[in-house]
Amino acid sequence: MALIGVFDSGVGGLSILDEALRQLPEHDYIYLADSIHAPYGERSSEWIAARSLELCRFLASQGCNAIVVACNTATAQAIAHIRSELIDIPIIGVEPGIKPAALQSSKGIVGVLATEATLKSDKFNDLLGTLPSSCQFIKQAGAGLVPLIESGQANSEETLELLAKHLEPIQDAGADTLVLGCTHYPFLRKSIRKLLGDSINLIDTSDAVVRQLKRKLETLHPDADSDRYGSIKFISSKDAKALLNMSQELMQSNLSQHALEWQLELSFK
Ligand code: DGL
């Protein structure tokens, strides 16, 4: 069995962990939330790169065989650096799904909701540059949304109001497809549907990310025993019990099938 580290600035990466438990329930997981420092999206590139590497080193020191950087912001700012330092461990990142969005949009008008740090990163803009100019992308930074989700308010009135402001330019442009370019945003699905209706196509890359993880694991552990449910350890830099409670609230997976542990990690504060 593999031990897989999943890391995010906070609870956003739980959307990736949820999908991983659906496709790969037999492996053991460490979910690491750096909630004391969330949100990452308005921090400098240097800070995000250094902090993300520090946390991935921590996961490697815990014996992780693979690490998922379950954060678009950290992937955009740090993944190349992390891969160059941790050369023995597969590092899987997350990127806004602008490519599938461009292919799926029938009008060629796509909204991209992501953090400011993701939208201004070279990685994101390089990817954007490879896509046909016939597709129009309306980029919108979701300032203020992550702290609301972190405080358990994904479906509150306050969140709905802020989201309405952020989605207005995307709606005005007539987008038929919306990229959820931050792993926290799949938890806003209900509110997004309330505002934009059922016809808009929402793009979330968690399925593709986990399929990529699966491919990596198949080469590392081809004889994995699939007849078990692995353990999950929730580690937070702020409040591990709160993280576990949020996981039970936000995730669809039946966590009671897994042995659960939680830990407050103060060493990397
Ligand atoms: N969940 C993260 C992402 O996918 C980071 C959000 C934040 O901390 O600003 O971008």
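The table for this structure:
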{"read-out": "Total residues in region 212-230, condition under 23 Å from P100 (Cα atoms), of a type in the set (K, R) and surrounded by 13 or more Cβ atoms within 10 Å (Cβ to Cβ)", "value": "2"}
{"read-out": "Filtered residue count, region 168-188, keeping only those that are surrounded by 16 or more Cβ atoms within 10 Å (Cβ to Cβ), away from the ligand (no atom under 16 Å from the Cβ) and either farther than 21 Å from L103 by Cα or of a type in the set (D, E, K, R) (or both)", "value": "1"}
{"read-out": "Residues located in region 128-157, provided they are more than 15 Å from the ligand (Cβ to nearest atom) and either among the charged types (D, E, K, R) or in a helix (DSSP H, G or I) (or both)", "value": "L128, G129, E157"}
{"read-out": "Members of region 66-90 found to be closer than 15 Å to Y31 by Cβ and more than 16 Å from the ligand (Cβ to nearest atom), listed by number", "value": "A66"}
{"read-out": "Number of the condition not met by V110 [criteria: (1) away from the ligand (no atom under 12 Å from the Cβ); (2) touching a residue at least 40 places away in the same chain (Cβ under 8 Å); (3) part of a loop (DSSP other than H, G, I, E, B)]", "value": "(3)"}
{"read-out": "Matching option when the condition is touching a Cys at 6+ places or on another chain (Cβ under 9 Å) and not hydroxyl-bearing (S, T, Y), among V146, V179", "value": "V146"}
{"read-out": "Considering residues of region 13-45 that are within 14 Å of the ligand (Cβ to nearest atom), in a loop (DSSP other than H, G, I, E, B) and in contact with a helix residue (DSSP H, G or I) (Cβ under 7 Å, 6 or more places away or on another chain) only, the residue nearest to S247 (Cα to Cα)", "value": "D34"}
{"read-out": "Residue count, region 1-12 (criterion: more than 14 Å from the ligand (Cβ to nearest atom) and aliphatic (A, V, I, L, M))", "value": "4"}
{"read-out": "Search result, residues across region 110-126 that are closer than 30 Å to L250 by Cα and over 17 Å from the mean Cα position of the chain (by Cα)", "value": "V110, G111, K120"}
{"read-out": "Selected residue [within 21 Å of E265 (Cα to Cα), away from the ligand (no atom under 16 Å from the Cβ), among the hydrophobic types (A, V, I, L, M, F, W, C) and modelled with pLDDT of 95 or more] from A60, A50", "value": "A60"}
{"read-out": "F234 vs. criteria of a type in the set (F, W, Y) and in contact with a helix residue (DSSP H, G or I) (Cβ under 6 Å, 6 or more places away or on another chain)", "value": "yes"}
{"read-out": "Residues within region 192-235 that are free of Cβ contacts under 8 Å to residues at least 24 places away in the same chain and among the polar types (S, T, N, Q), tallied", "value": "2"}
{"read-out": "Checking S191 against (1) outside any helix (DSSP H, G or I); (2) within 22 Å of the chain's Cα centre (by Cα); (3) polar (S, T, N, Q), the condition it does not meet", "value": "(1)"}
{"read-out": "First in region 125-151 and closer than 12 Å to P39 by Cα and in contact (Cβ under 8 Å) with a residue 24 or more places away in the chain, second anywhere and in a helix (DSSP H, G or I) and of a type in the set (S, T, N, Q), Cβ under 8 Å, 6 or more apart", "value": "L145/T159; I149/T159; E150/S35"}
{"read-out": "The lone exception for T219 - which of (1) under 25 Å from N254 (Cα atoms); (2) away from the ligand (no atom under 16 Å from the Cβ); (3) among the hydroxyl-bearing types (S, T, Y) it fails", "value": "(1)"}
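The values are calculated or read from the model by the stated rules, or taken from the named source; none is laboratory data. Just so it is clear, the structure is predicted and the values come from calculations on it, not from any experiment. Neighbour counts are summed over all protein chains in view; Cβ atoms, including those assigned to glycine, are modelled from backbone coordinates with ideal geometry.
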